[in-house]
Structures are given as C-alpha cells and as structure tokens.
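Quick notes on the structure that follows.
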Amino acid sequence: MIYPDLLQKLIDYFKKYPTVGEKSAERMALATLNLKDEEVKDFAKTLLDSKEKLKKCSICGNLTENEICNVCADSNRNKNLICVIEDYKSVFSFEKAGKYNGVYHILNGLISPMDSIGPEDINLSSLIKRVENLENPELILALKSSIEGETTTLYIKKIFEKKNVKISRLSYGIPMGAEIDYLDIITLDKALEDRKTISE
C-alpha cells in the first residue's frame with residue numbers, strides 16, 4: 001500500500017461517491033488535508049448534520065430540514081399542478097431551470113416487476129390522497145423513458161383515468177433512458193413547456 005492507512009481510508013470514502021475514481025478520490029483526500037482545522041471540523045459537522053437532520057417532506061417527499069419543504073410551504077406555487085418524479089434529485093434540476101411554478105411529488109422509485117418493486121413499494125398512496133383534495137388538478141409525469149418509467153406512467157394513468165385529473169408528460173425530445181437530473185436546463189425547460197397530454 002503506497003498511502004498511510006488513514007489517507008487510504010479517506011480515499012476509499014471519497015471513492016464511494018458516484019463517478020469518483022481513484023485519481024479524483026486521491027485529489028479530494030489530499031485537498032481535504034490542506035483545509036484549515038476549523039474547515040475540516042465544520043465539514044465533518046455538516047456531514048453529520050446532513051445525515052441526521054435532512055428528512056423527507058411530509059407532503060411531497062422532497063428533502064428538507066423541516067416538516068414541510070420550501071416548495072410545499074410556498075403560497076405562490078400552484079398546488080393544483082403536480083410534477084411527479086422518481087427521486088428528489090430531479091427537483092433540483094427543475095428548480096435550477098427556474099420556470100416551473102407548480103409543486104412536486106417524489107415516488108422514491110419506479111414500478112419494476114423484474115425487481116419485485118410493485119405499486120405498493122413506491123410513494124403512490126400519498127399522491128392519490130393529495131389529488132383527491134384538489135380542484136382540477138394536473139399531473140405532469142416527468143419519469144425517464146424506460147420500461148420502468150412507462151410501466152409507472154401507465155399505472156398512474158389507470159388510477160386517475162375515471163377522475164377529473166389531467167395527466168400530461170414531458171415532451172420527449174429527451175433521449176431514451178435519460179436521467180432527468182442529468183439533462184441540461186434548456187432541454188428540461190423545453191420538455192416541460194411542450195408537455196403532452198397523455199391520450200386515452
């Protein structure tokens with residue numbers, strides 16, 4: 001082993017992050033050692049606080065330090081327009097684009113029979129309850145164009161097809177299988193603007 005044990009351990013932890021390989025992890029670990037003592041202590045405290053204090057919004061499932069996230073608590077947002085997404089990472093992408101004024105609902109997964117993930121395993125029941133309390137709601141299904149995404153889309157459509165709920169989806173100039181949170185802002189904004197009503 002070419003590194004001291006503690007440095008190797010630090011590198012190994014950085015390698016746990018997505019897309020971080022050996023070289024990047026080494027650079028991050030060495031850069032951490034160059035931080036001031038107070039910065040390292042604050043960094044460590046922030047990591048612990050993030051793990052302990054960040055939780056899911058009781059309404060939509062987004063990350064928050066409070067019971068309700070900033071989006072759900074904003075009285076200026078259109079509560080009748082709900083963008084349904086797979087996970088909270090996509091919320092950040094939509095918010096960076098800056099033109100969406102509705103709210104969100106995070107499913108925390110997609111229906112995937114091959115992986116033994118059924119409708120009861122994702123956050124669908126709370127979506128049904130939310131919609132029941134709204135007048136003329138619209139659901140924008142912003143799920144990736146994969147088998148799992150299509151299965152989930154069809155299931156949600158079936159749930160609401162006999163209710164007064166408009167269901168639309170992002171327009172798919174989006175590449176097949178693309179992750180929402182990796183799309184550039186212009187593509188995402190255009191897909192939202194050109195959303196299509198799901199036909200009967």
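For the reader, a short list of remarks on this structure follows.
- When 169, 27, 130 are sorted by how many other C-beta atoms sit within 10 angstrom of their C-beta, beginning with the fewest, the order is 27, 130, 169.
- Shape call, the range 5-53: gyration tensor on alpha carbons, a/c limit 1.5: oblate
- The GluC sites (Glu not before Pro) found in the range 60-128 that occupy coil by DSSP, while having at most 14 further C-beta atoms within 10 Å, are 65, 67.
- In sequence order, calculated HN-Hα J values of the range 161-167 (Karplus, 6.51, -1.76, 1.60; Hz; x Gly/Pro): 5, 9, 10, 7, 10, 7, 10
- Reachable lysines from residue 158, criterion Cα separation under 19 angstrom, eight or more residues apart if same chain: 129, 144, 166, 196
- Backbone HN-Hα couplings from phi across the range 79-88 [Karplus 6.51/-1.76/1.60, Hz, Gly and Pro as x]: 6, 7, 10, 10, 8, 8, 10, 6, 8, 5
- Close amide H contacts of residue 83 (hydrogens built in the peptide plane, cut-off under 5 Å, sequence separation of 5 or more or a different chain): 103, 104, 105, 140.
Values quoted throughout were computed directly from the atomic coordinates according to the rules given, and no laboratory measurement underlies them. Treat the numbers as computed from the prediction; the structure is a model and nothing was measured. Heads up, the Cβs are rebuilt from the backbone with ideal geometry, glycines too, and the neighbour counts pull from every protein chain shown.
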